[in-house]
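Comments concern the structure below.
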Amino acid sequence: MKRSDGLRSSVLHLAGATLPLALLAADLNAQSRLQFAEVSDQAGLAGAVRAVAPASRYISMHGGGVVGDFNNDGYHDIFMLAGGGVPDYLFINNTDGTFSEQASDWGVDYANYSFGASAADFNNDGYLDIFVTSYGSAAFTPAAGKMLLYKNNGPDANGNFSFTDVAIECGVNRLYGTTRDGIGSGWGDYDLDGDLDLFVCGYNESRPCNRLFRNNGPENNYSFTDVTVEAELEQVEVPGFIPRFVDINGDLRPDLILVADTGRSRVYINDGDGTFTDITSSVHGIETASAMGVDVGDINNDGRLDMYISSITYTTTNGPGNVLLIQQPDGSFENTARDNGTYSGYWGWGVLMQDFDHDRDLDLAETNGFGGDYNGRPAVLFENLGDGDTFNEVAQDAGFLHTGQGRGMSRIDYDNDGDLDIVIYENVGRMRLFENQTIMDNSTGADRNWVRIKLDTSARDTLAPQGIGAMIRLYTGDYSRLLSMNCGANHSCSSPVEVHAGLDDSTTIDIVQVQWPDGSYTTLSDVPADQIMTINAPATPVDYAADGVTDFNDVFAFLSLYTNADLGADQNGDLALNFFDVAAFIRDYRTALMP
């Protein structure tokens, strides 16, 4: 869908390459549908203030937290790092549009030299845990070996939740030797064994501080082993900010995007044997970025994942700027940011690539801030005009007004109304919540449609929790969308493990197809829009009876779907029912019966 004529498109390309961002926005903002409003105070977040302790490490880079559902009530909560001097915050969603601060009740009210955080269910118990890069208690000098891994204990007999720090016993309390380091972190099942592994970035350029920790699984109490060397990922002079595990080449193995400062970012392809191969030379333009934030999605809707990485647009040179890396058919990437004007974001940090107005294309948001000429520079919001190559900077017109020292940025749907709101974590200052108040269709005043999808893999222990690593495809008419389920790591923060898609005026999704990391499929037809849905992985790829047992009941259930032309029987994932699905079912059935 395209909402711009040729003249407007040509003007945008010219302006994006040559004119100041503010002038571009003034010229084109009027037609934006996007609308945000800050609701931090109304939501009960007025007390969320971050003041980085002067003795901390990398003090100008801090500012993060995690958005996730920590008590499994279906609503997003917020864990915010205070940075030292005061305890960290945990805001539990009251389900009425407000939050209550409960860090003390949950046992995470720790005043520490914290930098960033990420969340995942590392021990497969169904509850979201939190990893914090920290240099120890704010009452002492920053030290090595002080990372935190908060294990979610779930509800006790009275229904009360709590966390326990298990970083030391799990072996993830330090990065490398005695270095006082640790910046961003992210989770993924790189070895496809069904439990989540951890990558932690370090900024020290003289030491190999970026580390991969393999999860040793339930037989070893979910401890971790540093396998950086074995995975061929050890390197020096790479000041890492963020890792993002995501399958970028479509082979179902999680690859690694390592976002790093001063043009040192790396992209690694997962070889499937426990090692990775550096393909950075084919990611053209990434070497220009003093990279700090990243998000991933199919921004031009060609069935391949792209990435947006924040950087610095120097006032003296008007560059080098952010990079919008579009994946090519041969697996290489080309930077199109200069062509479409998305390169200009001042001093960028956290970014989001999401469909904020439900028009079925991905928009871009970015936090900004630093000292000198960059103090007070605004956050930016690039509206995708429909082709993934034409954008309009609309932050001011859309009410997305933030001029503080923004660092991390998480997506959130705090009121469960289906559109994506935004959390900004500041370096020194308050956490900000921006509610998405977009009127989705100006002609009728009606909202456009949407879907939020979560995955439940609890029935199959060979799949990672929350379906991390799965690929989801939506089909409606001639529209399709590729969505990656990953941990949402961003600058010093992370977003919920789920996917979101705008559906424009479609009230029904023709097909929702989940490709699980083991290569099996779950396919649903005629799915109603405007819902938060959970798709369950069956116990085996042939558990059609959904009883956890492989027997003739599964055969009968498969044949019933097949004879009724239900795509739920699409065993090989080609969106057609034929002999190949029968053959695939027989193969998978035999495999499931093996001891």
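Could you look at the chain and say what percent of its accessible area is carbon and sulfur, using a 1.4 Å probe and all protein chains?
50 percent
From largest accessible area down, sort Val39, Val582; use a 1.4 Å probe on the protein chains.
Val582, Val39
Just to be sure I understand the model, the point goes 7 Å from the Cα along the line to the Cβ. What's the resulting Asn158 to Asp417 distance in nm?
That separation, rounded to one decimal, is 3.6 nm.
Rolling a 1.4 angstrom probe over the protein chains, ignoring ligands and nucleic acids, what is the accessible area of Glu219 in square angstrom, nearest 10?
140 Å²
What do the square roots of 5 times the Cα gyration tensor eigenvalues come to for the stretch 302-383, in whole Å, largest first, as semi-axes of the equivalent ellipsoid?
Each semi-axis is the square root of five times an eigenvalue, giving 24, 16, 9 Å.
Given the rule -39500 (n - 2.57) for each run of at least 4 DSSP H residues, summed and divided by the residues of the chain, what is its mean residue ellipticity at 222 nm, to the nearest 500 deg cm²/dmol?
Here the helix-only value at 222 nm equals -3000 deg cm²/dmol.
Whole angstrom only: what separates the Cα centroid of the stretch 465-512 from the Cα centroid of the stretch 27-105?
24 Å
Where does the stretch 187-302 land on Rg(C-alpha)/(2.2 N^0.38 Å)?
1.06
Plugging the Kirkwood radius over Cα pairs into Stokes-Einstein for the stretch 466-595, at a temperature of 37 °C and a viscosity of 0.692 mPa s, what D comes out in µm²/s?
In µm²/s, the coefficient rounds to 206.
Which value, in Å² rounded to 10, gives the accessible area of Glu169 with a 1.4 Å probe and all protein chains present?
Roughly 140 Å² of Glu169 is accessible to a 1.4 Å probe.
Looking only at Cα atoms, what is the convex hull volume of the chain per residue, in Å³?
150 Å³
Leaving ligands, DNA and RNA out of it, rank Ile168, Ile312 by accessible area with a 1.4 Å probe, largest first.
Output order, biggest surface exposure first: Ile168, Ile312.
Hey, if you drop one equal point scatterer on each alpha-carbon of the stretch 48-168 and run the Debye formula without solvent, what base-10 log of I(q)/I(0) do you get at q = 0.15, 0.16, 0.17, 0.23 Å⁻¹?
After summing over all Cα pairs, the log10 values are -0.63, -0.72, -0.80, -1.36.
So, R0 is 41 Å and r is the distance between the beta-carbons of Ser458 and Ile168; what FRET efficiency does that work out to, to 0.05?
0.90
Loop sites only, by DSSP: take the trypsin sites (Lys or Arg not before Pro) in the chain that have at most 16 other C-beta atoms within 10 Å and name the longest stretch containing none of them.
That would be 4-595.
Below 8 Å between Cα atoms, with a sequence gap of 6+, how large is the relative contact order for the chain in percent?
14 percent
If you bin the C-alpha pair distances of the stretch 327-368 every 5 Å from 0, what whole percents do you get?
Histogram of Cα-Cα distances, whole percents per bin: 6, 18, 18, 26, 22, 9, 1.
Given a 1.4 Å probe and the protein chains all in place, what does the accessible area of Phe224 round to, in Å² to the nearest 10?
Using a 1.4 Å probe on the heavy atoms, I get roughly 20 Å².
Given charges of +1 on the Cβ of Lys and Arg and -1 on the Cβ of Asp and Glu, with all other atoms neutral, how large is the dipole of the stretch 266-406 about its Cα centre, in debye to the nearest 20?
580 debye
Kindly report the accessible area of the chain per residue (heavy atoms of protein chains, probe 1.4 Å, no ligands, DNA or RNA), in Å².
For the chain, the solvent-accessible area averages 35 Å² per residue.
Put a dot 7 Å past each Cα toward the Cβ at His284 and Thr507; how far apart are the dots in nm?
Here the answer is 4.7 nm between the modelled labels.
Using 0.36 nm times the number of residues separating Asn72 and Asn94, minus their current alpha carbon distance, what extension gain do you get?
Answer, rounded to one decimal: 6.7 nm.
Tell me the label-point distance for the pair Asn564, Glu334, using the 7 Å Cα-to-Cβ offset, in nm and rounded to one decimal.
Each label point lies 7 Å from its Cα, and together they span 4.8 nm.
The values are calculated or read from the model by the stated rules, or taken from the named source; none is laboratory data. Since the structure is predicted, the reported quantities are computational estimates derived from the model, not experimental observations. Every residue, glycine among them, receives a Cβ derived from its backbone with ideal geometry; neighbour counts consider all protein chains shown. Just so you know, the surface numbers come from the protein's heavy atoms only, side chains and all, with ligands and any DNA or RNA stripped out. Shrake-Rupley method; radii C 1.70, N 1.55, O 1.52, S 1.80 Å.
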